[in-house]
Amino acid sequence: MASVAVVGGGIIGLSSAVCILERDPRVKVTLIADKLTPNTTSDGAAGLIMPFVLESTPLHLQRKWFSETMKELEKFSRREDAGELTVYTTTVFFHTDEIIEEPPWKDLVDGYRLLSQNELDKLPKPANFGYSFTTLFINGRYYQPWLIERFKGLGGDIVKRTVDSLDELAGLYDVVVNCPGLRARELVNDLSMDPVRGQVLRVYAPWIKHAYIRDIKDLASQGRYCYILPQANGEVVLGGTGYHNNFDLRVSADDTRHILEATSQLIPSLKRARVLEAWVGLRPARPTVRLEKEVKKFKDKLGKERTLKVVHNYGHGGSGLTMHWGCAMDATDLVFQFLARGQKAKL
Ligand SMILES: Cc1cc2nc3c(=O)[nH]c(=O)nc-3n(C[C@H](O)[C@H](O)[C@H](O)COP(=O)(O)OP(=O)(O)OC[C@H]3O[C@@H](n4cnc5c(N)ncnc54)[C@H](O)[C@@H]3O)c2cc1C
């Protein structure tokens, strides 16, 4: 029986593990991670399904992974328990002070349209351009436990431990899928990984039914954004920041002040919303998402040449939730290419 290890238990590792088993339940899949929900970056993410902070990842791949994830989540949103899993659809209103190009994914979402002058006039100044569309929201704190149950239900195993080096998995598994998020920096020495520090607040404001993003050039150049993203349970995620190359996981009072000021300028009633939590996470950014095969060669303790077949799937920046299922499908294709080649070699 073929055996696969998936390193990483955030949304990328979990979805890859589920996808492999759904393709062929005979494969023995073991997920290895030292942190699981609710303690991963994927748990604190705002849950908006929209491409964001993907640097130079080729557009055709962004579009493919986004649309495949949307299709999967649309199926998910039609489940009877979608309410409990807090997946839902809402309208997003985006505006900016500049005249910019329309998003390259506008044909992949429903209801895309430009904001009218009348709508722009009602927004705080300056608001010179904007659009709206509908999309889905998921919440990692509910979605990931459901992925874990789905994985276990398919016969997958979970081992909670730290992997110090991928080499230690050689000889134990036919293929290793590498999904460590930002920690690819240490695990595979990928120094192109860039921690993009994001701080958000969760407030209780069940009267907010739509999502708002205000992108002001001067603020964005300082890594400061303004977004208001309602969740299905009455909570609203307010953001935020996007500071590159910043590893600081402490909540900053200055960022909290910026978030409250910017969001309540857009919707004044947020000033009275109860703050439930302030949270900081590091987006695992990279010049491009790394989704590819590699045959790693190394020497074991006895100096013998060893190889390890690895499928990398990491570096999803601010879009891990948005891209997870499309990337899991491609990673699964690569795993089965490796396994098929292994079978041929044995014949
Ligand atoms: C403030 C903020 C808001 C965001 N909002 C959104 C949003 O609205 N929409 C969106 O699409 N994305 C959003 N993101 C981005 C999203 O959170 C990430 O892209 C996503 O979580 C990356 O998932 P991951 O599985 O790669 O990493 P993680 O969730 O960080 O998981 C990494 C996993 O690997 C394991 N691991 C790593 N190294 C090792 C090792 N050596 N041994 C064992 N285990 C290891 C960890 O324990 C963990 O299980 C946001 C991010 C932030 C910070």
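The figures follow:
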{"item": "Check on Asp24, over 30 Å from Val203 (Cα atoms) and either away from the ligand (no atom under 13 Å from the Cβ) or within 20 Å of the chain's Cα centre (by Cα) (or both)", "result": "yes"}
{"item": "Any hit, the stretch 10-19, residues being of a type in the set (S, T, N, Q) and at pLDDT 95 or above", "result": "yes"}
{"item": "Candidate set from the stretch 161-173 (those that are among the acidic types (Asp, Glu) and under 13 Å from Lys299 (Cα atoms)); member that is surrounded by the fewest Cβ atoms within 10 Å (Cβ to Cβ)", "result": "Glu168"}
{"item": "Checklist (1) farther than 24 Å from Ile138 by Cα; (2) under 20 Å from the mean Cα position of the chain (by Cα); (3) surrounded by 16 or more Cβ atoms within 10 Å (Cβ to Cβ) applied to Asp248, failing item", "result": "(3)"}
{"item": "Number of positions in the stretch 37-91 that are assigned to a strand (DSSP E or B), modelled with pLDDT of 95 or more and either more than 26 Å from Glu277 (Cβ to Cβ) or more than 11 Å from the ligand (Cβ to nearest atom) (or both)", "result": "1"}
{"item": "Where Asn313 falls short, out of the listed (1) surrounded by fewer than 13 Cβ atoms within 10 Å (Cβ to Cβ); (2) under 27 Å from the mean Cα position of the chain (by Cα)", "result": "(1)"}
{"item": "Filtered residue count, the stretch 65-86, keeping only those that are under 15 Å from the mean Cα position of the chain (by Cα) and either more than 20 Å from Asp107 (Cα to Cα) or not aromatic (Phe, Trp, Tyr) (or both)", "result": "6"}
{"item": "Residue selected from the stretch 123-136 under the condition out of contact with any helix residue (DSSP H, G or I) (no Cβ under 9 Å at 6 or more places or on another chain) and of a type outside the set (D, E, K, R), by the criterion nearest to Ser264 (Cα to Cα)", "result": "Pro126"}
{"item": "Qualifying residue in the stretch 24-36 (condition: in contact (Cβ under 8 Å) with a residue 12 or more places away in the chain, closer than 19 Å to Gly242 by Cβ and not in a helix (DSSP H, G or I))", "result": "no"}
{"item": "Hey, Gly111 assigned to a strand (DSSP E or B), out of contact with any helix residue (DSSP H, G or I) (no Cβ under 8 Å at 6 or more places or on another chain), farther than 27 Å from Phe247 by Cβ and away from the ligand (no atom under 16 Å from the Cβ) or not", "result": "yes"}
{"item": "Filter result for Leu136 (among the aliphatic types (A, V, I, L, M) and without any contact (Cβ under 8 Å) to a residue 40 or more places away in the chain)", "result": "no"}
{"item": "So Gly9, is it within 17 Å of Ala184 (Cβ to Cβ) and in a loop (DSSP other than H, G, I, E, B)", "result": "yes"}
{"item": "Pair list, Cβ under 8 Å, 6 or more apart: the stretch 315-331 residue closer than 10 Å to Ala285 by Cβ, other residue aliphatic (A, V, I, L, M) and part of a helix (DSSP H, G or I)", "result": "Gly315/Ala184; His316/Ile12; His316/Met323"}
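Here is a yes/no grid of residues against (1) surrounded by fewer than 19 Cβ atoms within 10 Å (Cβ to Cβ); (2) among the aliphatic types (A, V, I, L, M); (3) within 11 Å of the ligand (Cβ to nearest atom):
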| residue | (1), (2), (3) |
| --- | --- |
| Gln144 | no, no, yes |
| Val159 | yes, yes, yes |
| Val175 | no, yes, no |
| Pro180 | no, no, yes |
| Ser192 | yes, no, no |
| Tyr212 | no, no, no |
| Ile228 | no, yes, no |
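Yes or no, residue by residue, for (1) aliphatic (A, V, I, L, M); (2) more than 21 Å from Lys217 (Cβ to Cβ); (3) buried (at least 16 other Cβ atoms within 10 Å of the Cβ):
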| position | (1), (2), (3) |
| --- | --- |
| Leu85 | yes, yes, yes |
| Thr91 | no, yes, no |
| Ile100 | yes, no, no |
| Trp105 | no, yes, yes |
| Asp121 | no, no, no |
| Lys125 | no, no, no |
| Ser132 | no, no, yes |
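The values are calculated or read from the model by the stated rules, or taken from the named source; none is laboratory data. These figures come from a predicted structure and were not determined experimentally. Reconstructed Cβ throughout: ideal geometry from the backbone, glycine too, with neighbour counts over all protein chains shown.
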